[in-house]
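Undergrad: Starting off with a structure, shown below.
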Amino acid sequence: MTVASSPVVPAVDGSRQSTVAAENKVPRHVAIIMDGNGRWAERRHLPRVAGHRAGAEAVRRAMQAAVDAGVECLTVYAFSSENWRRSEEEVSDLKGLMRFYVERELATLQKEGVRLRLIGEPGKFGNELMTKLQHSVEETRNNNRLTLAVALNYGSQGEIAAAARELASRAAKGEIAPEQIDEAAIAGLLQTRDLPPLDLLIRTSGEVRLSNFLLWQAAYAELVFTDTLWPDFDEAAFNEALAEYARRQRRFGGR
Ligand code: IPE
Ligand code: IPE
Ligand code: MG
């Protein structure tokens with residue numbers, strides 16, 4: 001089929017472009033800092049856990065929106081390595097929700113062809129939750145419509161430090177020369193090594209910071225910040241972020 005005869009869709013700026021060009025603008029890898037659950041609950045005079053529960057529903061909507069849009073990988077920040085600073089009650093509530101959702105959502109993951117991946121150090125949540133999580137990872141390993149990477153007890157500086165430690169240890173053993181330690185060597189030891197390059201990073205709730213999330217991976221990602229609180233983030237909000245991404249011009253240092 002020639003370009004001239006291919007179907008056209010209206011572009012965001014009102015001009016017309018081929019669907020081929022439009023499809024190229026779908027990010028392969030989207031990451032989300034899902035922030036604002038506490039404020040969502042506060043505004044409704046509800047306990048924080050109600051916000052986290054509503055937030056978990058928003059994850060399922062984002063996952064569906066990512067599948068529908070043809071995104072390859074969605075990485076969500078569910079619990080940071082700094083979130084242990086929260087009250088014991090809140091941490092325990094979050095663990096309870098994870099336990100509930102990892103069981104309930106397995107059927108949805110299978111139905112939608114979603115492969116579950118974990119990044120971070122989720123072992124700190126204990127054996128029971130870890131067993132359930134690993135079960136879902138194992139059961140969904142051959143799904144190939146979307147990879148859903150859930151960051152649990154994740155911290156980007158810790159992840160980079162671990163890669164540096166491993167490379168130092170290999171160098172000390174004489175397995176590699178220090179000169180071989182380059183960007184690719186580090187990237188190859190990050191937990192995201194088998195995921196596509198990060199294209200789009202979204203943060204909800206009006207905060208404009210990365211909070212130790214995917215610092216290395218975001219080097220050339222497009223950043224989208226929205227005031228929407230995470231529990232209110234729906235398919236339309238997800239698609240709006242994709243539209244914003246499509247309007248961006250990525251240059252990677254070129255002109
Ligand atoms: C994000 O919502 C969820 C987690 C960090 C687990 P918050 O709980 O941070 O919500 P706010 O920022 O207090 O509103
Ligand atoms: C970042 O949100 C972590 C997650 C969304 C899991 P926080 O609410 O913990 O971030 P800060 O403390 O406002 O930077
Ligand atoms: Mg927060």
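Read-outs: derived from the displayed coordinates by stated rules, not from any lab. Computed from a predicted structure; not experimentally measured. Please note: Cβ atoms are built from the backbone with ideal geometry, for glycine as well, and neighbour counts cover all protein chains shown.
Undergrad: Order the peptides 27-36, 193-202 from the highest to the lowest mean number of other Cβ atoms within 10 Å of their residues. Spell out each step's value before the answer.
TA: Working: 27-36: 23.4, 193-202: 18.5.
By packing density, highest mean first, the sequence is 27-36, 193-202.
Undergrad: Oh, and also: Whole angstrom only: what separates the Cα centroid of the stretch 107-181 from the Cα centroid of the stretch 21-63?
TA: Centre-to-centre (Cα) distance: 22 Å.
Undergrad: Report ³J(HN,Hα) in whole Hz for each residue of the stretch 200-208, in order, from the Karplus equation J = 6.51 cos²θ - 1.76 cosθ + 1.60 where θ = phi - 60°; Gly and Pro get x.
TA: So the Karplus estimates, Gly and Pro as x, are 9, 10, 10, 10, 8, 6, x, 6, 10 Hz.
Undergrad: Apply the Karplus curve 6.51 cos²θ - 1.76 cosθ + 1.60, θ = phi - 60°, to the phi angles in the stretch 108-120 and return the couplings in whole Hz, x for Gly and Pro.
TA: 5, 4, 5, 4, 8, x, 9, 9, 8, 10, 10, 10, x
Undergrad: So what are the ³J(HN,Hα) numbers for the stretch 69-86, from phi and the Karplus equation (6.51, -1.76, 1.60; θ = phi - 60°), rounded to whole Hz, Gly and Pro as x?
TA: Taking θ as phi minus 60°, the curve returns 7, x, 6, 7, 9, 10, 10, 10, 8, 9, 7, 8, 5, 9, 5, 5, 6, 6 Hz for the stretch 69-86.
Undergrad: Something else now. Longest exposed-loop-site-free stretch of the chain, with chymotrypsin sites (Phe, Trp or Tyr not before Pro), DSSP loop and at most 16 other Cβ within 10 Å?
TA: It runs 1-215.
Undergrad: Considering amide H positions built from the backbone, and no H for Pro or chain starts, which residues 5 or more places from residue 202, or on another chain, come under 5 Å of its amide H?
TA: Residues meeting the criterion, in which the H sits 1.01 Å from N, are 31, 32, 33, 224.
Undergrad: For labels at residue 85 and residue 166 in the simple 7 Å Cα→Cβ model, what's the distance in nm?
TA: Placing both labels 7 Å beyond Cα along the Cβ direction yields 2.8 nm.
Undergrad: Just add up the charged neighbours of residue 193: K/R +1, D/E -1, any other residue whose Cβ is under 13 Å from the Cβ of residue 193.
TA: So the environment of residue 193 carries a net charge of -3.
Undergrad: Order these peptides, 51-60, 141-150, by their mean beta-carbon neighbour count within 10 angstrom, highest first.
TA: Result, highest mean first: 51-60, 141-150.
Undergrad: Now a separate question. Name the residues whose placed amide hydrogens come within less than 5 Å of the amide hydrogen of residue 147, ignoring near sequence neighbours (fewer than 5 apart) on the same chain.
TA: Amide H neighbours of residue 147, under 5 Å, 5+ apart: 73, 74, 115.
Undergrad: Fully extended, how many nm does the chain gain between residue 223 and residue 157 (0.36 nm per residue separation, minus their Cα-Cα distance)?
TA: This chain segment gains 21.8 nm when fully extended.
Undergrad: With the cut-off at 1.5 for a/c, could you classify the chain from its C-alpha gyration tensor as rounded, prolate or oblate? Present the calculation step by step, with values, prior to reporting the outcome.
TA: Numbers: a/c = 1.61, a/b = 1.11, b/c = 1.46.
Taking the square roots of the gyration eigenvalues as a ≥ b ≥ c, the chain is oblate.
Undergrad: What is the stretch 56-178 by shape, rounded, prolate or oblate, if you read a ≥ b ≥ c off the alpha carbon gyration tensor as root eigenvalues and call it rounded for a/c under 1.5, prolate for a/b larger than b/c, and oblate otherwise?
TA: oblate
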